[in-house]
1. Only one of these conditions is not met by residue 83: (1) surrounded by 20 or more Cβ atoms within 10 Å (Cβ to Cβ); (2) closer than 25 Å to residue 181 by Cβ. Which number is it?
2. Restricting attention to the range 13-46, which residues are within 16 Å of ligand 2 (Cβ to nearest atom) and over 26 Å from residue 194 (Cβ atoms)?
3. Could you list all residues from the range 477-508 that are at pLDDT 80 or above and either surrounded by 14 or more Cβ atoms within 10 Å (Cβ to Cβ) or more than 28 Å from residue 427 (Cβ to Cβ) (or both)?
4. State all residues of the range 428-450 that are assigned to a loop (DSSP other than H, G, I, E, B) and either touching a helix residue (DSSP H, G or I) at 6+ places or on another chain (Cβ under 7 Å) or without any contact (Cβ under 8 Å) to a residue 24 or more places away in the chain (or both); if no residue qualifies, say none.
5. Take the residues of the range 1-36 that are under 25 Å from residue 250 (Cα atoms) and modelled with pLDDT of 90 or more: which is farthest from ligand 1 (Cβ to nearest atom)?
6. Can you list the strands (runs of 3 or more DSSP E) lying wholly within the range 1-89 that have 2 or more residues being over 17 Å from residue 187 (Cα atoms)?
7. Tell me, yes or no, whether the range 175-197 has at least one residue that is farther than 16 Å from residue 75 by Cα, away from ligand 2 (no atom under 16 Å from the Cβ) and not in a helix (DSSP H, G or I).
8. When you scan the range 397-414, how many residues do you find that are closer than 24 Å to residue 290 by Cα and surrounded by fewer than 16 Cβ atoms within 10 Å (Cβ to Cβ)?
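The values are calculated or read from the model by the stated rules, or taken from the named source; none is laboratory data. These numbers come from a predicted model, not from an experiment. FYI the Cβ positions are ideal-geometry reconstructions off the backbone, even for glycines, and counts take in every protein chain you see.
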Ligand code: ADP
Ligand code: MG
């Protein structure tokens, strides 16, 4: 056995603790939500590992979270009979912040307590929130399946270090005891704790158990009887008309690791070749790691109510990676692993079903709640655009959801749908025109637009990198071709009248001597020099050949070293 040792916290943890204690005080209740959520995760992990190794249950498979308090000692204890931790796990999990993005976390802090508190769950630093209300935290834990002498006690006062020692622990799982700071005595009241639990943790799947309290002879007496405080059922398994809006929102905060309400959700039981339930949410705000490929917190996979894994990437295509929620399958085997998922046809069917459902929800928002859709677009539009190239089966649906800036409003606001564009096309116009550029100003002031402006033809202004990808994959919409105004001979078709065309040909002939001369002096820097009518103010402009890559894409590729 090891005797008691004192170890130092990682620097980031020290900073984090300072922050917890000094700046999140007005949101102090969240500590309970975080500790309960960890206890719940630990029970989920045990259930999952127990599928392969039943001995881990140690003849006790009723998983639960227990909350108790001691008024005299001024302590509050959160206990679970989940997976528990070994000594090494304790040191790693409760002494460091291993996850990438710690620096990002600190840089995101705004000083606004509400906002900052919302970052804690997202960044996976929930345990340390215990120090908001406690000046000493004691963790007693033993990993499932280990001998009773493999218990570990971890203790810290939230300063620079913590102590750790091996102890006996008969029951598996984790017990966290908070020694409350001065002035936190309201947390030693049963009704107050019940209120917090119901507010933040009602939809934790495991029962959260407390001792029943009775009013006897003018005072509150704690009985020996247990009582479950939370709803303790899988929300998604209940029928839609029994679930209130608030319950859906509360559940989202739990699965989405978000303190804000979601923007929208869809809940459905799917029958047919694959039977499953989906409860999928669209967050109101993009998470910090939307563009980080290693980000977590996607959709959770359950099989017949049993938690299988977090962030099952196979359940959602990349371009819908912002979706949060739960998929509960009736058909997948319980011992399904990430490797199996990668090759499973059943998962392909579920992913296709989920994608369709989310796109349907977005279409619904776009049609019926345009303001919400605009909000969605502002947060996630750039990610959704990736779908045009990624999801061939839903390309048209996705194209219908895209929003662009255009010469119609001439502002950076992305508000024009392709459908809007079609409805404003000029008599005789057969194509959808766009210009791509590195910045909005470059696009807006592009000399290529001059003739379009003169003729009052709308042009989409595309200025994001992903737009090149969009127009590379989306060649037409509703039977109308998308064409760059900066490419080729620019045949405006019926938009030009016969007289204009004849005049252009005549001028080209008249000026042949001049264009030859210019071509001669530019030699191999250009393919051809032509007389053009696409300009009204500028003397000259560069265009790419019909089948060449455009100037903007060429710039992007060059910057990427290709
Ligand atoms: P997160 O839950 O997002 O990983 P936390 O700071 O809340 O971040 O917890 C850190 C880690 O500590 C968890 O990932 C888990 O490995 C471990 N842990 C915390 N509480 C428990 C518990 N009750 N049982 C087992 N492990 C726990
Ligand atoms: Mg946590």
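1. It is condition (2) that residue 83 fails.
2. 13, 16, 17, 45
3. Of everything in the range 477-508, those that are at pLDDT 80 or above and either surrounded by 14 or more Cβ atoms within 10 Å (Cβ to Cβ) or more than 28 Å from residue 427 (Cβ to Cβ) (or both) turn out to be 477, 480, 482, 483, 484, 485, 486.
4. 428, 429, 430, 437, 438, 445, listed by residue number.
5. 32
6. Where strands (runs of 3 or more DSSP E) fall fully within the range 1-89 and carry at least 2 residues being over 17 Å from residue 187 (Cα atoms), they are 5-8.
7. There is no residue in the range 175-197 that is farther than 16 Å from residue 75 by Cα, away from ligand 2 (no atom under 16 Å from the Cβ) and not in a helix (DSSP H, G or I).
8. 2
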